[in-house]
Amino acid sequence: MTAAEAQEKIAALRAAVARHDELYYRRAQPELSDYDYDRLKRELADLEAAWPRYAAGESPTDAVGDDRTEGFATYRHRQPMQSLDNTYSEAELREFHARLVKLLERDDLGYVIEPKIDGLAVSLTFEQGRLVRAVTRGNGVEGDDVTENIRTIKSLPDRLKPAAGAPIPDAVEIRGEVFMTLEEFARINQEREEAGEPRYANPRNLAAGTLKLLDRAEVAARRLEIVLYGLGYAEPAEPLGDTQSGFHALVRQWALPTVEKFWTARGIDEVWAAVQELDRMRHAFSYATDGAVVKLDPFRLQREAGSTSKAPRWAMAYKFPAVRAETQLKAITIQVGRTGVLTPVAELEPVQLAGTTVSRATLHNRDEIRRKDIRVGDFVAVEKAGEIIPAVIAVNLTKRTPHCVPYEFPTACPVCGTPVVQLEGEVALRCPNYECPVQVRRRVQHFASKGCVDIDGLGVAMVDTLVDKGWVRSLADIYRLKREDLLTLGKSVEKSTDKLLAAIETSKRAELWRVIHGLGITHVGAAAAKDLAKHFGGLETLMNARYDDFIGEKKTSRINGIGETMALALIAHFNRPENRALIGELTELGVKPVAPAKAAPTGTSFAGKIFVLTGTLPTMTRDEAGAKIEAAGGKVSGSVSKKTSYVLAGAEAGSKLDKAQALGVPVIDEAEFLRMLAEG
Ligand code: IVH
């Protein structure tokens, strides 16, 4: 390579890495697999090392990426959040150990091996044991303040649990990874599929995108999780143990979520054995794991080894190569979803991938095919993204033959021939024909499915038949089916017909949320349907709800679990005359969904009140009383302070009673408590 070529190449690689950093960290929409990204970055770093004279100025190899986005306050980390060096090779992992042996002048080094969780890094600050702040890594120096969103994580306590031998420091920063479980990821994608929306590509990007949503209700509707794996700043610094393995024990005592498993090892052979064991076990973990993180165990040695400007010298990530295979693309077929979205699917020459045979993979959408220039007949790399759905990653151009011509995405619906449209702000192309047979079929299938009104006997095949016969063109037609028509479907179908008609009859009294879910409104899955049912209590009121009924000042949601995106989708749905008409028809046909019992009004005298329980109550245990308080919207606390609303005292109440009297906190007995409960 000539000097000029090197200079040019460095500039080009810098631009490419910067672009992919932006896509990954800020937009959570990477175009490259992790492996290809790491390779690109490595190529740049190697060139910069070989041609230092062209490596001046800012390089993305020095930075840790930048996840800061609009809409969040930024916060400066008290100690920078560094990145990790990573490798895909065993030899380089061994070199890492050899470097430390040399640097620290000893060869009995102890390590901790942890799963590398594929999520995004955050730093939590606890003051006096309370969670006061959560900040993303950002550019390593300052990040986005995502405290409110982090508080939606159910497994993360708001307070550290005091434990014997683990005193809580005045202030402590604990670092970890926010992620989404594979189960939750699958649940959301299932809901998206049911709602006719394209699937998300992988859990890491969905977790990153979710943490950066501005609507807290929407964040809470998708369950995020966290594990904590590192110590940042602490004050006072002393009693926080002296090893990484001790750190794990400590945070567990404080009741914080930690890694599912970690290993300790002495010397690199034991490290390598642990890494391989982790590789075998990781598929059983609830989260996607893309590697192992190897850390020196003693904090003293970590300090001695120190850090470079971007990463510690005492830690190394070993990344497991993605499960990938090459195969030929036989055809591209188009699936039409319930809401008319056209999804291209790769029909592949069957190939073995991580223990399963893959013959189909998603191609996401038209833009994706264009960007990767995927052509029928090509040899393509297939990868399991987030270890779940196979996707076509790239084309092997060296094997392309002249017969492979660029793919022309259909401009008309492959089912009904209606020209497709692209809605503003969407990548997806849709068939706009509401009566398109596929859409009708999918709508009816969805409505009748187990997760919705659950009509036994109205499965996929039966729906196909009814739609083909022209008897069912809308959901209302289910309730117009005639016995004599159904009896023509075959010999001796009397019994099954009567069963089906009975099931249809029963579905008229399905729970309201099931019907709402069954309507197939974009973005409205089962969880949202439940929230809507609880709030509106009927189809009519839901249909007539306006923007202000959903969203209050400063775009806050008025209804638990329903954010602006969903509100807009509901309004758009019920703006369509055919959707409004359907509600009327269903009612006329006798569909009367059962509304949930009204939830306890939040304005009771218990809402926001803090109770402290002490002594023995005459007719109930303290736990029972606590449950009643919580059910009525109150809180139970363990100690009396000025903030305590009531002390509920029974026989032999001790020091808590004295303290209440000293502070002037009202003290009540069980009888009074029961009276308050009854009055609500
Ligand atoms: S320690 C200074 N431990 O991987 C070292 N990081 O590729 C800080 N990660 O930025 C990181 N699992 O977001 C550490 N067990 C683990 C991890 C982990 C995932 C993430 C973290 C880090 C990135 C580096």
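Some points to look at:
- The number of residues in segment 302-331 being of a type in the set (A, V, I, L, M), in contact with a Phe, Trp or Tyr (Cβ under 6 Å, 6 or more places away or on another chain) and not in a loop (DSSP other than H, G, I, E, B) comes to 2.
- Scanning segment 187-222 for residues that are in contact with a helix residue (DSSP H, G or I) (Cβ under 7 Å, 6 or more places away or on another chain) and at pLDDT 90 or above yields THR210, LEU211.
- Residues of segment 128-148 that are within 16 Å of the ligand (Cβ to nearest atom) and open to solvent by 10 Å² or more (accessible area, probe 1.4 Å): ARG137, ASN139, VAL141, GLU142.
- ARG371 vs. criteria outside any strand (DSSP E or B) and modelled with pLDDT under 90: yes
- Residue in segment 88-103 that is within 16 Å of the ligand (Cβ to nearest atom) and within 27 Å of the chain's Cα centre (by Cα) present: yes
- Residues that are open to solvent by less than 50 Å² (accessible area, probe 1.4 Å) and of a type in the set (Phe, Trp, Tyr), drawn from segment 455-508: TYR479
- Test: residue in segment 299-319 that is under 23 Å from the mean Cα position of the chain (by Cα), of a type outside the set (D, E, K, R), open to solvent by 10 Å² or more (accessible area, probe 1.4 Å) and within 14 Å of the ligand (Cβ to nearest atom): no
- Only one entry in ARG159, ARG151 is more than 15 Å from the ligand (Cβ to nearest atom), more than 30 Å from ALA391 (Cα to Cα), touching a strand residue (DSSP E or B) at 6+ places or on another chain (Cβ under 6 Å) and open to solvent by 50 Å² or more (accessible area, probe 1.4 Å), namely ARG159.
- Residues of segment 273-298 that turn out to be of a type outside the set (Val, Ile, Thr), within 10 Å of the ligand (Cβ to nearest atom), touching a Leu at 6+ places or on another chain (Cβ under 8 Å) and under 18 Å from ASP108 (Cβ atoms), as a count: 0
- Helices (runs of 4 or more DSSP H) wholly inside segment 395-506 containing at least 3 residues that are over 32 Å from the mean Cα position of the chain (by Cα): 460-469, 483-487
- So ARG175, is it within 16 Å of the ligand (Cβ to nearest atom) and surrounded by fewer than 22 Cβ atoms within 10 Å (Cβ to Cβ): yes
- Segment 616-659, subset farther than 27 Å from ASP158 by Cβ and among the acidic types (Asp, Glu), residue least open to solvent (accessible area, probe 1.4 Å): ASP658
- Residue in segment 218-225 that is within 16 Å of LEU160 (Cβ to Cβ) and in contact (Cβ under 8 Å) with a residue 60 or more places away in the chain present: no
- Verdict on GLN190 being of a type outside the set (A, V, I, L, M, F, W, C), within 14 Å of the chain's Cα centre (by Cα) and surrounded by fewer than 20 Cβ atoms within 10 Å (Cβ to Cβ): yes
- Some residue of segment 224-232 being out of contact with any Phe, Trp or Tyr (no Cβ under 9 Å at 6 or more places or on another chain) and open to solvent by 20 Å² or more (accessible area, probe 1.4 Å): no
- Taken as a whole, the structure places PRO344 among residues that are away from the ligand (no atom under 13 Å from the Cβ), assigned to a strand (DSSP E or B) and touching a helix residue (DSSP H, G or I) at 6+ places or on another chain (Cβ under 7 Å).
- Of the strands (runs of 3 or more DSSP E) lying entirely inside segment 67-127, those carrying at least 2 residues that are surrounded by 21 or more Cβ atoms within 10 Å (Cβ to Cβ) and either β-branched (Val, Ile, Thr) or modelled with pLDDT under 90 (or both) are 110-117.
- Filter result for ALA164 (under 16 Å from the mean Cα position of the chain (by Cα), modelled with pLDDT under 85 and aliphatic (A, V, I, L, M)): no
The values are calculated or read from the model by the stated rules, or taken from the named source; none is laboratory data. Model, not experiment: these values are computed from the prediction. Ideal geometry is used to build each Cβ from the backbone, glycine not excepted, and the neighbour counts take in all protein chains shown. Areas reflect the complete protein model, heavy atoms only, side chains present, ligands, DNA and RNA absent. Shrake-Rupley method; radii C 1.70, N 1.55, O 1.52, S 1.80 Å.
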